[in-house]
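Visitor: Sending over a structure as structure tokens; questions will come in a sec.
FYI, it's all coordinate maths here, none of it is from the lab. Only a predicted model underlies this, so the values are computations on that prediction, with no experimental measurement involved. Don't worry about glycine lacking a Cβ; one is built from the backbone with ideal geometry, like all the others, and counts go over all protein chains shown.
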Amino acid sequence: MPKDEIFQETVTRVEKPSSHYTLLRDPNGHFLGATEDGFATFDYVDDKAIWDTDGETYRHVGTDRVVETESPRSKDGSYLRHGGKWIASDGSLSDTAALFTPGHGPAHMPSEYLKTFRENGWVCLPSIVPPDLLEELERTSGTGRWESGEFDRSIPPLLQTSAVAKIIAEPVTLWLMRQYMGVQDIRLGHSPGFAVLPKDDGKRNVQGWHSDFPYLWGIAGRTKDRIPVHQVEGFAMGVQRNLCVSEFRKENGATCFKLGSHAFGEGPPAEWGTGNANKEPGHREARGLPYTGPDADVVEAPPGSYIIYDSRTWHRAGVNRTPHKRAAMLQAVVPMYMMPFRDTSGPYKRFLHSPLIDELNELEKRELESTMVSRMLSPDGPLAITVDDELTERIRFPE
């Protein structure tokens, strides 16, 4: 690559929103919404569950219905009224009131994000994570406002803070991924992990170009063990959901993409420097950096943003040229019919027996179990699938 093309990736900047919509949740975590027929509660967030507020009332964006709050509102939520009636826990109008808690919502309507996702193969939801959860993730990863700390790599992030479970259960991106892959039952391909990128020292290898799990084009050791390259329009077997814990900028190592490459039906070219080649010791010294020219793209986004993209998209980690660590949380998501990359049952079972589980509402607990437990359907009902140590030893070291 010519020297004048070093770090010349094309930048797409997603700005921090000036405002966000509101989500109204009942004590179990379900979302109050409205249709033309009235109010109801939902276990997902699409346009039906989006509200705007003036500080005293809530206006349903889709129907313009307005609900009033009991005054003064407490930090635990409010009782809501419409037409002189209280709103019950199921959304019906009643003489009995239920408590609803306002929460941080998306900057734009879910249907707008879905349209962009389907058209382009990627979408960014800027600052979708509530500020308190974001700071907790900074603390755990030892970045941002907590940069003097260190990330404890000996313990899975899920077992260090309930914030990890809460961002797994983030409702708008869960709905988007289910819609994009066309299946309700989705799984994490591995337990969520932090990717903390320190200042580049000019010597360490830089991640090469690849596609993510389950495809792993450009990184798989044996192609026949992965999904072969193919061109299938409108069908995806994986989505990557990356949380920008830090602000993502080109200078601090934001992810580099070839936007639109999910539709190419092939992996990145060898001349760009693939994951297989760039992980070899001494590769950077001998061959230099992977491709960083203008045909590549960098998505810059504010902290707390989710970038979700079709897993076939070519990408790689950036190069951090600042003195500050950059953190992301990586989540590979697949339909239930795909074998996960790693077993997630171990961290999940440990989470079940930790005090952190008591910090989740019922819907968050259900979403966590749904995304971290693989199931096999049998005549006797669903069976949880996990690793068998004896058989694992057998296939690793055959007689």
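Visitor: From the phi angles alone, apply the Karplus equation (6.51, -1.76, 1.60; θ = phi - 60°) to the stretch 194-203 and give each ³J(HN,Hα) in whole Hz, x where the residue is Gly or Pro.
Guide: 7, 10, 9, 9, x, 4, 5, 9, x, 10
Visitor: Could you work out the local net charge near ARG145, counting Lys and Arg as +1, Asp and Glu as -1, over the other residues with Cβ closer than 9 Å to its Cβ? Don't skip to the answer; put the middle values down first.
Guide: On the way: positive: ARG139; negative: GLU135, GLU138, GLU147.
Once all neighbours under 9 Å are counted, the net charge is -2.
Visitor: Determine the calculated [θ] at 222 nm for the chain from helices alone, applying -39500 (n - 2.57) to every DSSP H run no shorter than 4 residues and normalising by the residue count; nearest 500 deg cm²/dmol. Provide the component values of the computation, followed by the final result.
Guide: Working: 9 runs with 76 residues, N = 399.
Mean residue ellipticity, 222 nm, calculated: -5000 deg cm²/dmol.
Visitor: Using alpha carbon centroids, what distance separates the stretch 346-395 and the stretch 164-222, in Å?
Guide: Rounded to whole Å, the Cα centres lie 20 Å apart.
Visitor: With springs only between Cα atoms under 10 Å apart, run a GNM on the chain and tell me which of ASP46, ASP54, ASP76 wobbles the most.
Guide: Per the Cα network of the chain with a 10 Å cutoff, ASP54 tops the list.
Visitor: Considering the values [x] 34; [y] 16; [z] 19, which represents percent of Cα pairs over 40 Å apart as calculated for the structure under consideration?
Guide: It is the value labelled [z].
Visitor: Report the relative contact order of the stretch 28-67, percent, no decimals, based on alpha-carbon pairs under 8 angstrom and at least 6 residues apart. Before the final figure, lay out the partial values.
Guide: Numbers: 60 pairs, mean separation 12.8, N = 40.
The normalised contact order for the stretch 28-67 reaches 32 percent.
Visitor: Quick check on the exposure proxy: order THR274, THR173 from fewest to most C-beta atoms within 10 angstrom.
Guide: Working: THR274 22, THR173 28.
Neighbour counts put them in this order, fewest first: THR274, THR173.
Visitor: Next question. Give the distance, in whole Å, between the Cα centre of the stretch 109-129 and the Cα centre of the stretch 316-331.
Guide: 22 Å
Visitor: Please build a GNM for the chain, connecting alpha carbons under 10 Å apart, and tell me which residue among VAL123, VAL45, VAL229 fluctuates the most.
Guide: VAL229
Visitor: Next up: Of all beta bridges DSSP finds with both residues in the chain, what is the antiparallel percent, to the nearest 5? Spell out each step's value before the answer.
Guide: Working: 63 of 68 bridges.
Roughly 95 percent of the beta bridges in the chain run antiparallel, per DSSP.
Visitor: Only Cα pairs within less than 10 Å get springs; with that Gaussian network setup on the chain, which residue of SER261, SER94, SER211 has the largest fluctuation?
Guide: SER94
Visitor: First select every other residue whose beta carbon is under 11 angstrom from the beta carbon of ALA332; then total the charges, Lys and Arg +1, Asp and Glu -1. Don't skip to the end; give the middle numbers.
Guide: Numbers: positive: ARG187, ARG241, ARG342; negative: ASP212.
Residues close to ALA332 contribute a combined charge of +2.
Visitor: Around THR41, under 11 Å between beta carbons, what's the net of Lys plus Arg minus Asp minus Glu among the other residues? Before the final figure, lay out each step's value.
Guide: Numbers: positive: ARG25, LYS48; negative: ASP26, ASP43, ASP90.
Result for the neighbourhood of THR41: -1.
Visitor: How do TYR337, TYR306, TYR180 line up, fewest other C-beta atoms within 10 Å first? Mind showing how you got there, number by number?
Guide: Values: TYR337 9, TYR306 25, TYR180 21.
Result, fewest neighbours first: TYR337, TYR180, TYR306.
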